[in-house]
Amino acid sequence: MNLETLADIVLIVLLVGWLGYRQTTWRPVSPAKLWRTPLILAVLGVVNLARGDLAIGGLDVAVLVIELVLALGVGAWMGALAHFRPLEQRVTGRRGEGAVVESRTGWWGLALWAALLLVRVGIDVAATAMGAHGVTGAGVILLVFAANRAARNLVLGARLGHLPVGGARPPRITAR
């Protein structure tokens, strides 16, 4: 194990803990900030993949597609599970964007997050046994996390009426 691999492991463990924690805590929902985390994770994932020297084969691509579809599905499910509650006062960011509700997915969201991680590890173990080594890197993990967050945020935005997605239901807002 080299220093780069150790740094990747530390990064992923911190990211898993941070995103897991955010599932259970109430967070203001600012439409302007919804896409920040998925974008950062996707860029980091692509940069990480670009600096790697692993050969990507057909099996690697197939496994990546499976993992991305799974992450998108779980993310959409997490967005559908999210609970909303009104903020006592509007939270305004540095650029004037504001949030009037806060959201969390709670323990069910955390359970889905853990299930996604466990399934992803299982898929990687099976893929590695079949010779697909390109999907085990930190870059792919970051892309899977980005896809999960993007799908979650797409559903959250649709539920809040900020995105033009047909059939969106109004959010269920709970009292404090």
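The values are calculated or read from the model by the stated rules, or taken from the named source; none is laboratory data. Note that the coordinates shown come from a computational prediction; the quantities given were computed from them, not determined experimentally. Here the Cβ is made from the backbone with ideal geometry for all residues, glycine too, and neighbour counts use every protein chain on show. Side chains included, ligands, DNA and RNA excluded: accessible areas come from the protein's heavy atoms. Shrake-Rupley method; radii C 1.70, N 1.55, O 1.52, S 1.80 Å.
Element breakdown for the chain at a 1.4 angstrom probe: carbon and sulfur atoms account for 68% of the accessible area. Solvent exposure of the chain, expressed per residue, is 57 Å² of accessible area, with all protein chains present and a 1.4 angstrom probe.
The coefficient of translational diffusion for the chain, derived via Stokes-Einstein from the alpha carbon Kirkwood radius under 37 °C and 0.692 mPa s, stands at 191 µm²/s. Converting phi to 3J(HN,Hα) with the Karplus coefficients 6.51, -1.76 and 1.60 and the offset θ = phi - 60°, region 65-72 yields 4, 4, 5, 5, 4, 4, 5, 5 Hz in sequence order, with x at every glycine or proline. Here's how it looks for residue 87: its modeled amide H is under 5 Å from those of 101, 102, which are all 5 or more places away or on a different chain. Helix 138-160 and the long axis of the chain differ in direction by around 20°, with both axes built from C-alpha atoms.
Which residue fluctuates the most in the chain, going by a Gaussian network model with Cα springs under 10 Å, if the choices are 56, 123, 12? Evaluated over the chain, the most mobile residue of the options is 56. With a Förster radius of 35 Å applied to the C-beta separation of residue 25 and residue 2, the computed FRET efficiency comes to 0.50.
For residue 107 and residue 55, the FRET efficiency from 1/(1 + (r/R0)^6), where r spans their Cβ atoms and R0 equals 41 Å, is about 0.50. With the charge dipole of the chain set up from +1 on Lys and Arg Cβ and -1 on Asp and Glu Cβ about the Cα centre, the Cα lying farthest toward the positive end among the listed residues 25, 78, 98 is that of 98.
Estimated purely from DSSP H runs of n ≥ 4, each contributing -39500 (n - 2.57), the mean residue ellipticity at 222 nm for the chain is -21500 deg cm²/dmol once divided by its residues.
Under the convention that each Lys and Arg Cβ holds +1 and each Asp and Glu Cβ holds -1, the size of the dipole of region 66-157 around its Cα centre is about 280 debye. The angle separating the long axis of helix 106-129 from the principal Cα axis of greatest extent in the chain is about 10 degrees.
Dipole size in debye (nearest 20) for the chain around its Cα centre, Lys and Arg Cβ +1, Asp and Glu Cβ -1?
Numbers: 17 positive and 9 negative charges, 220 e Å.
Its charge dipole is roughly 1060 debye.
Going by alpha carbons, how many degrees (0 to 90, nearest 10) lie between the helix axis of 3-24 and the longest principal axis of the chain? Relative to the chain, helix 3-24 is tipped by roughly 30 degrees.
Every Cα-Cα pair in region 1-64 was counted, and those over 20 Å apart are 47% of them.
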